[in-house]
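Data first, discussion second: the structure below is written as structure tokens.
The numbers here are math on the coordinates, done by the rules we state, and not lab data. Just so you know, these numbers come straight off a predicted model, no measurement behind them. Here Cβ is always computed from backbone atoms with ideal geometry, including for glycine, and neighbour counts include all displayed protein chains.
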Amino acid sequence: MPELGASKELWLEAVFLRENIDGVQYELWHHVHGCRLWLIVARNTINHEISSVKLAHHGIGRILEAEETGILSDEDYLP
Ligand SMILES: [Zn+2]
């Protein structure tokens, strides 16, 4: 994704204009009706097989773990 101050043209291309890949592509999914996490999903466009799912925010695992232990500081939310 472009920087926040990038031109409208760059944002238009990044958000709406996608390659139509024939095979595995990486997609950003938002689990709106579940845990509400953002996920990076590797999906094969030919057969819809999903080969990997990762949390989009690399620090979220640390945050979830810290919330479980009840030991949480502002630094836990830093990327
Ligand atoms: Zn979920």
* Selection from 42, 69, 23 lying farthest towards where the dipole of the range 22-77 points positive, charges on Cβ -> 23
* Structure fact -> Share (percent) of C-alpha pair distances in the chain greater than 18 Å works out to 61 percent
* **Additional length obtainable on full extension of the chain from residue 63 to residue 12, 0.36 nm per residue less Cα span** => 15.2 nm
* Asked: With axes computed from alpha carbons, what is the tilt in degrees of helix 60-69 against the longest principal axis of the chain, rounded to the nearest 10 within 0 to 90?
  -> 30 degrees
* Cα-centred dipole magnitude for the chain, charges only on beta-carbon of K, R (+1) and D, E (-1), debye, nearest 20 -> 240 debye
